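The values are calculated or read from the model by the stated rules, or taken from the named source; none is laboratory data. Fair warning: this is a prediction, and the values are worked out from it, not measured in the lab. When we count neighbours, we look across all protein chains shown, and the Cβ atoms used for this are built from the backbone with ideal geometry, even at glycine.
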2 protein chains.
Amino acid sequence: METIKLFCPATIANVSCGFDVLGLCLDFGDVMTITKTSQKGISIKEITGADLPLDIKQNVAGVAGLALIERLNPDFGFEISIDKSIRAGSGIGSSAASAAGAVFGINALCGYPLSNKELVYYAMQGEALASGAPHADNVAPALLGGFTLVRSYDPLDIVPLPSPSELFVTVMHPQIELKTKDARSVLKENISLKKATIQCGNLGGLISGLYTNDYGLIGRSLHDELVEPVRSILIPYFNELKLAAANSGALGSGIAGSGPSVFALSQGQETAHETARSMSAILEATDIPFEIHISPINPDGIKIIS
Amino acid sequence: METIKLFCPATIANVSCGFDVLGLCLDFGDVMTITKTSQKGISIKEITGADLPLDIKQNVAGVAGLALIERLNPDFGFEISIDKSIRAGSGIGSSAASAAGAVFGINALCGYPLSNKELVYYAMQGEALASGAPHADNVAPALLGGFTLVRSYDPLDIVPLPSPSELFVTVMHPQIELKTKDARSVLKENISLKKATIQCGNLGGLISGLYTNDYGLIGRSLHDELVEPVRSILIPYFNELKLAAANSGALGSGIAGSGPSVFALSQGQETAHETARSMSAILEATDIPFEIHISPINPDGIKIIS
């Protein structure tokens with residue numbers, strides 16, 4: 001019997017100006033254990049750290065794994081255990097970590113027939129269960145590490161982007177409930193061509209900054225014209241958190257995925273810590289419980305622990 | 001008396017997925033001669049190759065130059081002669097070449113108080129005369145060379161991008177009249193968020209491809225969701241020209257600026273020539289006169305000939 005133990009990282013989708021196309025990988029996350037079984041199919045043995053369904057058709061890891069074994073058709077099965085650290089509904093890719101973990105682990109136990117880039121498609125099928133649409137902007141950085149761009153969904157085309165080494169992320173998670181589906185429902189179907197152009201300029205600037213380690217350009221580009229203005233009203237103290245980050249020297253900040261977490265990017269770990277202290281001070285003065293994380297960009301993504 | 005003679009290159013704005021933010025520089029263009037005069041102000045002595053006004057307030061070179069001397073306030077003046085090769089209204093930056101030339105030459109004769117990047121703002125003032133809005137996506141590549149990104153207009157933030165050395169441009173100019181103002185009037189004020197997201201994915205892919213010399217990615221990214229579908233109806237045989245480029249092995253094609261010229265990008269000079277032959281064959285079968293150009297990406301932009 002073979003068992004694989006995986007680190008399944010948290011991720012941030014959108015990254016301000018990269019709505020639905022950009023994502024980045026963090027260095028904290030869940031642990032998933034997958035064991036080969038003689039019985040075909042997938043079962044979820046145990047989930048600790050979160051109250052999530054064990055029924056494989058109701059669980060993102062199960063759905064993603066099923067999509068992959070339909071492709072690979074192995075003559076054995078898989079038993080999955082998950083120790084969740086990433087809180088569901090936090091906006092930092094909790095479901096993506098489980099979907100990515102399931103497909104990565106199954107692929108590994110099958111002898112790596114597919115590349116991590118090819119696995120993105122199958123992990124997306126798990127994401128569809130969580131958010132109503134098979135999006136790739138969390139599962140791609142979870143599987144590939146660093147920053148990733150979803151160039152296209154039809155056909156699926158994932159582009160890995162570089163990650164400047166001094167870039168650190170502060171993640172403030174206000175523990176309020178904000179479902180991805182609800183966060184999407186506030187979006188406007190149409191936007192002005194002018195705003196789309198502004199967004200394109202910033203996205204281009206951010207990507208250029210990632211290639212050239214130009215932290216100033218990265219900071220100047222971290223503006224979201226399209227989504228943050230409407231979605232941020234769902235996040236309490238959003239403007240105050242942004243201001244705290246800016247005053248602490250962060251390069252920029254925005255909504256992590258569909259929220260409610262708020263992320264800030266900083267050059268250097270010390271600024272990321274200072275940003276964490278300032279953001280914490282905002283919510284400490286309220287009755288909203290929160291968690292705060294500091295992380296470099298994780299260049300490796302998902303990995304085998306043992 | 002000092003005289004400077006300049007090569008003022010043609011440029012292509014938009015570049016498919018980069019509407020209003022991207023531009024690239026070509027290796028053909030106009031020649032401009034600027035002479036220091038004891039009398040302050042600007043005069044335009046002669047324009048050959050095109051029927052354009054000598055009145056400095058009606059001429060893009062004059063308007064751009066005036067904007068710059070208002071800033072620099074030199075105690076001498078400038079006499080400008082222009083030998084136009086870039087046809088007005090062709091979509092490949094004829095007005096931008098003149099605006100860029102005027103500000104570059106005046107700045108040079110003043111001892112280079114400003115950088116080329118700083119000159120973009122003043123050249124834009126000339127562009128405003130030509131197209132009704134002070135856009136930078138032609139004057140930036142004319143002044144800086146290569147590919148450029150307009151990250152933002154407020155504040156103005158121009159980002160130079162790399163130019164893969166095997167990238168060649170084919171420019172088909174069907175000699176029909178299509179004014180920039182008219183080409184802008186067909187644009188829709190609002191677009192769907194979904195299309196904006198697709199555009200962002202492609203723009204990100206193109207920029208990543210420029211940094212990594214990934215010609216395949218550049219080709220896959222050359223799609224314009226926002227403008228080409230509505231603007232291309234103003235260009236006769238547009239779909240046929242695109243198809244001819246694709247069948248000749250070009251990476252992709254689109255409208256040069258606001259048209260009517262159609263550009264194609266190819267990997268390698270031979271493919272660019274083959275693309276030129278195929279595109280020419282389309283218009284040779286019609287009564288539309290045309291000019292066709294083949295050019296590498298010009299990495300230097302505007303330069304001093306003597």
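When the stretch A:142-175 is filtered for residues that are touching a residue at least 40 places away in the same chain (Cβ under 8 Å), part of a loop (DSSP other than H, G, I, E, B) and either more than 14 Å from every other protein chain (Cβ to nearest Cβ) or more than 21 Å from A:Leu265 (Cβ to Cβ) (or both), the ones remaining, listed by number, are A:Gly145, A:Ser165, A:Glu166, A:Gln175.
Quick one: A:Ser221 ticks every box in (1) closer than 24 Å to A:Ala276 by Cα; (2) surrounded by fewer than 17 Cβ atoms within 10 Å (Cβ to Cβ); (3) not hydrophobic (A, V, I, L, M, F, W, C) except a single one, so which number is it? For A:Ser221, the exception is condition (2). Evaluating A:Gly132 against the criteria (1) in contact (Cβ under 8 Å) with a residue 12 or more places away in the chain; (2) crowded, with 24+ Cβ neighbours inside 10 Å leaves one unmet condition, (2).
Residues of the stretch A:123-141 being in contact with a strand residue (DSSP E or B) (Cβ under 8 Å, 6 or more places away or on another chain), assigned to a helix (DSSP H, G or I) and among the small types (Gly, Ala, Ser), which ones? Correct list: A:Ala140 only. From the list B:Asn107, B:Asn73, B:Asn59, B:Asn116, the one residue that fits, being polar (S, T, N, Q), over 20 Å from B:Ile305 (Cα atoms) and either touching a residue at least 60 places away in the same chain (Cβ under 8 Å) or buried (at least 16 other Cβ atoms within 10 Å of the Cβ) (or both), is B:Asn59.
Looking only at the stretch B:7-60, which residues are assigned to a loop (DSSP other than H, G, I, E, B) and under 24 Å from B:Ser232 (Cβ atoms)? Break it down into steps so the answer makes sense when it comes.
Filtering the stretch B:7-60 for residues assigned to a loop (DSSP other than H, G, I, E, B) gives B:14-21, B:38-40, B:49-55, B:59.
B:Asn14, B:Val15, B:Ser16, B:Cys17, B:Gly18, B:Phe19, B:Asp20, B:Val21, listed by residue number.
If I filter the stretch B:1-19 down to residues being surrounded by 24 or more Cβ atoms within 10 Å (Cβ to Cβ) and over 11 Å from the mean Cα position of the chain (by Cα), which single residue comes out as farthest from B:Ser261 (Cα to Cα)? Only one residue fits best here, namely B:Leu6. Criterion applied to B:Tyr237, B:Tyr211, B:Tyr215 was being more than 20 Å from the chain's Cα centre (by Cα), of a type in the set (Ser, Thr, Tyr), within 8 Å of chain A (Cβ to nearest Cβ) and surrounded by fewer than 22 Cβ atoms within 10 Å (Cβ to Cβ), and the one residue passing it is B:Tyr211.
Within the stretch A:37-48, identify whether any single residue is in contact (Cβ under 8 Å) with a residue 24 or more places away in the chain, within 21 Å of the chain's Cα centre (by Cα) and under 28 Å from A:Ile297 (Cα atoms), and answer yes or no. It would help to see each step written out before you state the result.
Residues of the stretch A:37-48 in contact (Cβ under 8 Å) with a residue 24 or more places away in the chain: A:37-48.
From the residues that got through so far, the ones that are within 21 Å of the chain's Cα centre (by Cα) too are A:47-48.
This time we only want the ones that are under 28 Å from A:Ile297 (Cα atoms), so: A:47-48.
Yes: the stretch A:37-48 contains one or more residues that are in contact (Cβ under 8 Å) with a residue 24 or more places away in the chain, within 21 Å of the chain's Cα centre (by Cα) and under 28 Å from A:Ile297 (Cα atoms).
B:Ala102 meets all of the listed conditions (1) more than 14 Å from every other protein chain (Cβ to nearest Cβ); (2) of a type outside the set (Phe, Trp, Tyr); (3) in contact with a Leu (Cβ under 7 Å, 6 or more places away or on another chain) but one, namely (3).
Quick check on this structure: which one of B:Ser94, B:Ser90 is under 28 Å from B:Ala264 (Cα atoms) and buried (at least 24 other Cβ atoms within 10 Å of the Cβ)?
Working: B:Ser90 fails: buried (at least 24 other Cβ atoms within 10 Å of the Cβ).
Being under 28 Å from B:Ala264 (Cα atoms) and buried (at least 24 other Cβ atoms within 10 Å of the Cβ) holds for just one of B:Ser94, B:Ser90, which is B:Ser94.
Within the stretch B:69-119, restricting attention to residues that are among the hydroxyl-bearing types (Ser, Thr, Tyr) and on the phi < 0 side of the Ramachandran plot, the residue that is modelled with the lowest pLDDT is B:Ser90. Just one of the listed residues (B:Leu178, B:Leu206) is at pLDDT below 95, among the aliphatic types (A, V, I, L, M) and either over 30 Å from B:Leu54 (Cβ atoms) or in a loop (DSSP other than H, G, I, E, B) (or both), and it is B:Leu178.
Within the stretch A:181-203, restricting attention to residues that are within 11 Å of chain B (Cβ to nearest Cβ) and in a loop (DSSP other than H, G, I, E, B), the residue that is nearest to A:Leu22 (Cα to Cα) is A:Leu187.
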